[in-house]
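Below is one structure; the comments refer to it alone.
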Amino acid sequence: MEECRVLSIQSHVVRGYVGNRAATFPLQVLGFEIDAVNSVQFSNHTGYAHWKGQVLNADELHEVYKGYTRDKSFLAMVVDIVRELKQENAQLVYVCDPVMGDKWDGEGSMYVPEDLLPVYKEKVVPVADIITPNQFEAELLSGRKIHSQDEALAVTQEWPTHSLCPAGDGTCCTPWAPTQWSSPAPTCPPQRGSDYLIVLGSQRTRHPDGSVVTERIRMDIRKVDAVFVGTGDLFAAMLLAWTHKHPNNLKVACEKTVSAMHHVLQRTIKCAQAQAGDRQKPSPAQLELRMVQSKRDIENPEIVVQATVL
């Protein structure tokens, strides 16, 4: 069997599931070998009241890479690494989760320095094969406000990522995945309303005969009354895995990804509420993703969230 390897450059925490801690386990469960480079190493994630740790700079990243992101030089170094790896392997797929900010109570704000935005727009996104922005990040990258499903899908067509992949018969997709699975969705059909989030996916595939097919999907997900940390990292990791396993079927790949997310979050909130007790709000520690306990759901998720082909 051909070995599939993933170079994962993300944050790392000693306690909790975020960054590499959230991505490594599910990828391993799904059969991938992982080479993890920690862009930061914190004692615990920033959902806690206090944390401490170290941040890797560009020189240190270069040193680690040759032996094997809160800094724009670090992002530029990631781009250099991606380009070098793609020269060696044209089939390489780069997944970028452009973590820059989110919307809270309808207002968006960045939680990284603003000088990272042009680096993402001009350098990172153009070399990515899959990107997973939330609504606010999609607006930042496109320079356009998104008020509807049509506007969101139109934005995906403008990104270089959604052009044909360098591999020739590769697949590009731009799923719109909320980083916090309790944040409000943009405009939803009346029968769904504000109790639901949506995920929009767009994938363009070029077949060997030269024909080009674009597939778009939508998924409606009931909101969970809690704020989780690490869901975006888990989503991106599983999307990478399932698009690799189903390269020409965005619908199936997203159904497996989102259904696995559903099982993990339902198990997490159930355990957290049991620990917190009746009528008590679970703490960040109690809301840590139940990853190990969800191994079977990650490996073979029961499809409980269906995708609609648009």
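Here are the numbers for this structure:
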quantity	calculated
Selection status of Thr231, among the polar types (S, T, N, Q) and at pLDDT below 80	no
Exclusive hit being modelled with pLDDT of 80 or more and either in contact with a Lys or Arg (Cβ under 8 Å, 6 or more places away or on another chain) or assigned to a loop (DSSP other than H, G, I, E, B) (or both), set Gly31, Gly47	Gly31
Pairs, first at negative phi in the range 298-310, second basic (Lys, Arg) and at pLDDT below 95, C-beta under 8 Å, six or more apart	Ala307/Arg218; Ala307/Lys251; Thr308/Arg218; Val309/Arg216; Val309/Lys251; Leu310/Arg216; Leu310/Arg218
Residue under evaluation Met1, criteria (1) surrounded by fewer than 17 Cβ atoms within 10 Å (Cβ to Cβ); (2) closer than 23 Å to Met110 by Cα; (3) hydrophobic (A, V, I, L, M, F, W, C); (4) at pLDDT below 70, criterion not met	(2)
One residue from Leu153, Leu117, Leu85, Leu164 being modelled with pLDDT under 55 and surrounded by fewer than 20 Cβ atoms within 10 Å (Cβ to Cβ)	Leu164
Some residue of the range 95-116 being assigned to a helix (DSSP H, G or I) and among the basic types (Lys, Arg)	no
Residues of the range 206-221 satisfying the condition of being touching a strand residue (DSSP E or B) at 6+ places or on another chain (Cβ under 6 Å), surrounded by fewer than 17 Cβ atoms within 10 Å (Cβ to Cβ) and either modelled with pLDDT under 80 or of a type outside the set (Val, Ile, Thr) (or both)	Val212
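Here's the yes/no breakdown for (1) over 30 Å from Gln286 (Cα atoms); (2) part of a loop (DSSP other than H, G, I, E, B):
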| residue | (1), (2) |
| --- | --- |
| Gly210 | yes, yes |
| Ile221 | no, no |
| Val227 | no, yes |
| Leu234 | no, no |
| Leu239 | no, no |
| His244 | yes, no |
| Asn248 | yes, yes |
| Glu255 | no, no |
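The values are calculated or read from the model by the stated rules, or taken from the named source; none is laboratory data. No experiment lies behind these values; they were computed from the predicted model shown. When we count neighbours, we look across all protein chains shown, and the Cβ atoms used for this are built from the backbone with ideal geometry, even at glycine.
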